[in-house]
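Notes follow the structure.
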């Protein structure tokens, strides 16, 4: 085994593997974000959206982030 083989294996195994998994996680995140924005525009809003909004507001108030 030479150092070139090790470096090639490292590149394909780690660099491309980690990059691919990060790309998949980002696309899942963006899909969820788009869905949340779409749900916020619906009338009437889904019950899950209202529950999540209430939890988020109480968390923000508890942390004192609102004026």
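Computed from the coordinates by the stated procedures, all read-outs in this text should not be read as laboratory data. All values derive from a computational prediction rather than experimental measurement. Quick reminder, even Gly has a Cβ in these numbers, built from the backbone with ideal geometry, and neighbours come from all protein chains shown.
Considering each residue of region 47-58 in turn, none proves to be in a loop (DSSP other than H, G, I, E, B), touching a helix residue (DSSP H, G or I) at 6+ places or on another chain (Cβ under 9 Å) and exposed (fewer than 10 other Cβ atoms within 10 Å of the Cβ).
Scan region 16-39 and give yes if some residue there is touching a helix residue (DSSP H, G or I) at 6+ places or on another chain (Cβ under 6 Å), part of a loop (DSSP other than H, G, I, E, B) and surrounded by 10 or more Cβ atoms within 10 Å (Cβ to Cβ), otherwise no.
We begin by selecting, within region 16-39, every residue touching a helix residue (DSSP H, G or I) at 6+ places or on another chain (Cβ under 6 Å); these are 39.
So of that shortlist, the ones also part of a loop (DSSP other than H, G, I, E, B) come out as none.
So far as region 16-39 goes, no, none of its residues is touching a helix residue (DSSP H, G or I) at 6+ places or on another chain (Cβ under 6 Å), part of a loop (DSSP other than H, G, I, E, B) and surrounded by 10 or more Cβ atoms within 10 Å (Cβ to Cβ).
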